[in-house]
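These notes concern the structure reproduced below.
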């Protein structure tokens, strides 16, 4: 497959002024991120809140420039043509962003028609009013909001959360993008509606070839949307594990990935009775303003030692990469069904 996006040695540092005069703290929120996104795929970016997922999404969409590193689009470093307005405008058109909060992302005093028309009239100046209306109707049909007339003249507060999320998807699709960064697109809508939004994204990927970077902390939706694709597990601004979705979910190698999957609540009373401890030694987290050169999971890892405080290289195993120097120490992950079987046999 052809590479569409390349993140090369991306670092992001934010500064914050302290209470004392001239005192300033620097927070290293992304550290040496290297990630390739290929045409035709869906990549699920998962991790707990504050791990840097949204920051990566904002960098990919051009909304934020990293402190250091390169963002390549079809082989070209986009920061090399920042001064050339037309090329950067084309990049921003082909890489779109779908926000988490659909209500905040839509202007409350504009109708849905006005919100959808704005990018179309900006980028397709040659279209007349009739052609714009045809494009709007086509977009609404594409995201499953038909008949379009029932929705286009309404305001955002008159639509449900799921309908507003589909409007955001329609607005992103209006510019015929090659890639859409979807930041927690289903976290603020009813559970009963989440599947329809995820299915819409999957259909757009399969039928139109739209690439998705799906940002989430929910492993269940990540597993669904990234089925037969990749999952990237992040922790405190670093990629801990990357590989095939099913393989990572069923057989996680990194201690953090194992802890993340173990923390998922299971609606099964028999499983709830099992004596299952979270595989971490502490709730303490590394401070982003005092990072060590080594693994950021060091304070919480059961298998960490002094070696982990030094720079850690990726280990490539079973068609995935894992940032851990003690994989031989980490026991194999036991899936839930096997835990239940062992408990029943005991």
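Filtering the stretch 114-133 to residues that are under 25 Å from residue 186 (Cβ atoms) and either in contact with a strand residue (DSSP E or B) (Cβ under 6 Å, 6 or more places away or on another chain) or surrounded by 16 or more Cβ atoms within 10 Å (Cβ to Cβ) (or both) leaves 115, 116. The set of residues in the stretch 167-202 that are farther than 27 Å from residue 90 by Cα, more than 16 Å from the chain's Cα centre (by Cα) and in a loop (DSSP other than H, G, I, E, B) comprises 189, 190. Only one entry of 88, 151 meets the criterion of being on the phi < 0 side of the Ramachandran plot, touching a helix residue (DSSP H, G or I) at 6+ places or on another chain (Cβ under 8 Å) and either modelled with pLDDT under 90 or in the same structural domain as residue 200 (by TED's automatic domain parsing) (or both), and that entry is 88.
Each residue in the stretch 118-148 was checked for being in a loop (DSSP other than H, G, I, E, B) and either assigned by TED's automatic domain parsing to the domain that holds residue 200 or at negative phi (or both), and 10 of them qualify. Filtering 30, 71, 35 for residues that are more than 15 Å from the chain's Cα centre (by Cα) and either buried (at least 16 other Cβ atoms within 10 Å of the Cβ) or part of a helix (DSSP H, G or I) (or both) leaves a single hit, 71.
The values are calculated or read from the model by the stated rules, or taken from the named source; none is laboratory data. The shown structure was predicted, so the numbers you read here are calculated from the model rather than taken from an experiment. Reconstructed Cβ throughout: ideal geometry from the backbone, glycine too, with neighbour counts over all protein chains shown.
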